[in-house]
1. Could you tell me whether any residue of the stretch 107-124 is at pLDDT below 95, within 14 Å of the chain's Cα centre (by Cα) and surrounded by fewer than 15 Cβ atoms within 10 Å (Cβ to Cβ)?
2. Just to verify a result, which residue in the stretch 21-63, among those that are charged (D, E, K, R), free of Cβ contacts under 8 Å to residues at least 60 places away in the same chain and part of a loop (DSSP other than H, G, I, E, B), is surrounded by the fewest Cβ atoms within 10 Å (Cβ to Cβ)?
3. Considering only residues that are within 9 Å of the chain's Cα centre (by Cα) and in a loop (DSSP other than H, G, I, E, B), look in the stretch 78-103 and name the one that is nearest to ILE26 (Cα to Cα).
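The values are calculated or read from the model by the stated rules, or taken from the named source; none is laboratory data. Everything numeric here is computed off the predicted structure, so don't read it as measured data. Neighbour counts run over all protein chains shown; Cβ positions are idealised from the backbone, glycine included.
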Amino acid sequence: MISMPRKNSAIQMELIQRSRMADVEIYTNRGCSACVGAKHYLDSKGVNYTEKKLGKSKKIDSEFSIRTRGAKKIPQIFINNEWIGGYDELISYDKAGELNWRLGLEQKPRVGLFTTIFRFMKGEKY
C-alpha cells in the first residue's frame, strides 16, 4: 500500500485565503503618482487586482464614467464591485481597520453602535 504524504497546512491555508480574496479593480492613468501609490499599497498587502488603464479604449473610459458617476480623480478602486473611491479613501479604510476584511485577508471586525453612529455623523461610509 502506498502512503500519501501529509498535506502541508500552510499551503492549504494560503489556498483557502486566496479563494476568499476579494475581486479588486483599479482604474489608473499613465503618469499618476496616486495610482502608483495605490497599486504599491495593494501589492504590500499581497492583493491581486485588475488594473484598467484609462485612455486605452473607449469601452474602458465609458465603463469608468458610468461606474464612478463621472468621477474626475484617479485612481478609482472597486472591491467586490463596491466603489471604494480613490487612494485617500483606500488609506482611510485601512486606518479604520476595515480594509483587510474587505479584501478578504481577515474576518470582519465587530463595530459597536457608538462607532457606527459616530462614523455616520462624520459622513464616513465605512
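1. no
2. Going through the qualifying residues, I end up with ARG30.
3. The selected residue is ASN80.
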